Amino acid sequence: MNKPKLSAGEYQILVEQAPILIWRAGTDAKCNYFNNRWLEFTGRTMEQEAGDGWAEGVHPDDFKACVDYYLEHFNARKTFEMEYRLKRHDGNYRWLFDRGVPFYSDAGEFLGFIGSCIDITEKKNAQDQLKLAKERELKSLRGLLPICASCHKIRDSKGYWGEVEKYIKEHAEIDFSHCLCPECAKKLYPGYT
């Protein structure tokens, strides 16, 4: 099947209106192009973002790792993927997934990198919430429980002894259904079969 031919204008529309942030860097590793979506996202101009200007929006905690990773892969001319926070036009930092690839002329000459970014903030937040929930669950179940070998009451952190069910219910999201095991049923109700 033949690829449909697109005009230069159609290509420009695709790049500018694609629902992703697109950037390009020349052979000097300096960015020289950002699509409209990128500029709308950051609220900055092409002139402000050009060169290393885009890095001004990277979260301070992510800055060094982001730039080092970018330059390492750029110099090796290797495709990269990374996540970092970038300041949006409203001042909030959003998590981006950034993928950059080297690009070449038809003659095979290295021309720089082209990259695209998508906002993954909601995904990161959901992952963080899931991680916290798992940690809370593990914390509630972690540790040694001082339990009486005879009556099976549990001693709490204040030294009081209480029923196992009450202690577990207060420390974990668990409900109990009470029943009798076969041994206890025979012992308590010997005539019942």
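Each value in this text was obtained by applying a stated rule to the coordinates, not by laboratory testing. These figures come from a predicted structure and were not determined experimentally. Don't worry about glycine lacking a Cβ; one is built from the backbone with ideal geometry, like all the others, and counts go over all protein chains shown.
The single residue among Arg136, Arg99, Arg155 that is among the basic types (Lys, Arg) and closer than 30 Å to Val58 by Cα turns out to be Arg99.
Return a yes/no flag: does region 62-76 have any residue that is among the basic types (Lys, Arg), in contact with a Leu (Cβ under 7 Å, 6 or more places away or on another chain) and without any contact (Cβ under 8 Å) to a residue 24 or more places away in the chain.
Looking for residues that are among the basic types (Lys, Arg), in contact with a Leu (Cβ under 7 Å, 6 or more places away or on another chain) and without any contact (Cβ under 8 Å) to a residue 24 or more places away in the chain, one finds none in region 62-76, hence no.
Across region 88-99, a minimum of one residue is classified as surrounded by 16 or more Cβ atoms within 10 Å (Cβ to Cβ) and among the basic types (Lys, Arg).
Ala65 passes every criterion in (1) small (Gly, Ala, Ser); (2) part of a helix (DSSP H, G or I); (3) touching a helix residue (DSSP H, G or I) at 6+ places or on another chain (Cβ under 6 Å) apart from (3).
Which one is surrounded by the fewest Cβ atoms within 10 Å (Cβ to Cβ) among residues in region 17-34 that are part of a strand (DSSP E or B) and in contact with a Ser or Thr (Cβ under 7 Å, 6 or more places away or on another chain)?
Selected residue: Ile22.
Going through region 124-183 one residue at a time, which ones are acidic (Asp, Glu) and closer than 30 Å to Tyr84 by Cα? Correct list: Asp128, Glu135, Glu137.
Filtering region 56-68 to residues that are farther than 18 Å from Arg24 by Cβ, surrounded by 14 or more Cβ atoms within 10 Å (Cβ to Cβ) and of a type outside the set (D, E, K, R) leaves His59, Phe63.
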